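Have a look at the structure below, then the notes.
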Amino acid sequence: MNDFSRQPTAVTVIEPPLVRILLLGVALAFLSLFLVVPLAAVFYEALRKGIGVYWAAITDPYALDAIRLTLLSAAFAVPLNMLFGVAAAWAIARFEFRGKSVLVTLIDLPFAVSPIIAGLIYVLLFGGQGWLGPWLVERDIKIIFAVPGIVLATIFVTVPFIARELIPLMQAQGSEEEEAALVLGASGWVTFWRITLPNIKWGLLYGVVLCTARALGEFGAVSVVSGHIRGLTNTLPLHVEILYNEYQFAAAFACASLLTLFALVILAIKTLIEHHTLQKRRPSAPGETA
């Protein structure tokens with residue numbers, strides 16, 4: 001009686017060369033038409049009138065104020081979302097509690113709600129005629145049409161990115177290492193710094209990169225709560241819109257090119273993190289040292 005191996009064999013599907021060429025051509029054409037060409041057009045229009053005009057546009061006082069406010073809002077939003085994301089992911093991945101599914105749904109809410117609606121929510125809460133408006137006016141606290149409103153709107157639209165990156169990662173890793181550390185006498189704080197954080201650091205960094213990209217480019221929610229006050233509440237995306245509406249096309253594209261450069265730098269960082277993460281997950285070859 002013959003001994004047949006019952007182990008499954010890997011089946012490699014090889015597409016015909018024509019199909020591969022066709023699929024690759026469609027993908028490249030799509031990327032060129034909708035990504036590469038528009039990005040190239042932004043830089044072409046930004047530099048078309050010369051480097052002098054470009055430099056004058058990006059060093060204009062209003063442009064510098066917009067850049068500072070954009071970076072400031074991201075500087076507040078990203079660390080706060082990082083703290084929330086780690087705490088929420090830890091609670092969801094490690095504990096069972098009533099309302100867990102509700103918390104997960106609320107984290108995803110900014111993905112489903114239009115940024116314009118998010119801005120209107122804050123106007124309803126903190127505006128002069130809003131629910132808390134009279135109380136804030138009495139104490140001379142200004143949120144809407146001021147920097148705090150911009151920061152709040154940015155936080156709202158960027159809430160899911162870090163938490164959503166960490167939740168599946170922490171669920172997949174399990175809690176065995178943390179439980180072992182606690183059994184051996186480590187405190188919760190030491191366990192977090194020595195066990196949890198090293199295990200999630202690349203996922204956390206990836207989420208921070210995505211959160212930063214979203215914060216720098218946010219337009220809809222910020223446009224509702226900012227008031228479009230030049231030099232005070234205009235972020236860089238809003239400044240680009242104002243310049244374009246005033247037919248200052250060279251200046252508008254120059255400032256837009258800065259946003260594009262920010263995006264490309266963030267994309268490069270994101271790619272490096274993905275590459276490093278894949279290298280860490282790749283099984284070591286025989287004789288290869290970690």
Cα-projected label distance for V137 with N199, points at 7 Å along beta-carbon direction, nm:
5.3
In region 171-212, what is the volume of the convex hull around the alpha carbon atoms, normalised per residue and reported in Å³?
68
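For region 44-136, with only Lys/Arg (+1) and Asp/Glu (-1) charged at the beta-carbon, what is the dipole magnitude about the Cα centre, in debye rounded to 20?
For region 44-136, the charge dipole is close to 160 debye.
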When the expected Rg is taken as 2.2 N^0.38 Å, what fraction or multiple of it is the alpha-carbon Rg of region 101-242?
1.35
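Compute the projected area of the convex hull of the Cα atoms of region 88-178, averaged over all viewing directions, and report it in nm² to one decimal place.
Mean projected area of the Cα convex hull: 7.7 nm².
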Cα extents of region 149-232 along the three principal axes, largest first (Å)
58, 22, 14
Just to confirm my numbers, what's the Cα centroid distance between region 16-34 and region 180-241 in Å?
35
Enclosed volume per residue, in Å³, of the convex hull spanned by Cα atoms of the chain:
262
Which of H239, H275 has the fewest other C-beta atoms within 10 Å, and how do the rest follow up to the most?
H275, H239
Please report, in debye to the nearest 20, how large the charge dipole of the chain is about its Cα centre when each Lys and Arg carries +1 at its beta carbon and each Asp and Glu carries -1 there.
140
Least to most buried among I58, I51 (fewest other Cβ within 10 Å first)
I51, I58
Environment charge of T212, counting only residues whose C-beta is closer than 13 Å and scoring Lys/Arg +1, Asp/Glu -1
0
Trypsin sites (Lys or Arg not before Pro), loop per DSSP, at most 10 other Cβ atoms within 10 Å - longest free stretch of the chain:
140-290
MRE, 222 nm, helices only [DSSP H, n ≥ 4, -39500 (n - 2.57), over the chain, to nearest 500]:
-23500 deg cm²/dmol
Percentage of Cα-Cα pair distances in region 166-290 greater than 26 Å, rounded to whole percent?
49
Cα-projected label distance for E15 with L80, points at 7 Å along beta-carbon direction, nm:
4.5
Pseudo-spin-label distance A87 to T105, built 7 Å along Cα→Cβ, given in nm, is 2.3
Compactness relative to 2.2 N^0.38 Å, alpha carbon Rg of region 58-114:
1.67
So, over other residues within a Cβ distance under 11 Å of N234, counting Lys, Arg +1 and Asp, Glu -1, the net charge is 0
Could you work out the Rg to Rh ratio of region 15-148, with Rh taken as the Kirkwood radius (inverse of the mean 1/r over all Cα pairs)?
1.14
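Coordinate-derived values only; no laboratory data. Computed from a predicted structure; not experimentally measured. FYI the Cβ positions are ideal-geometry reconstructions off the backbone, even for glycines, and counts take in every protein chain you see.
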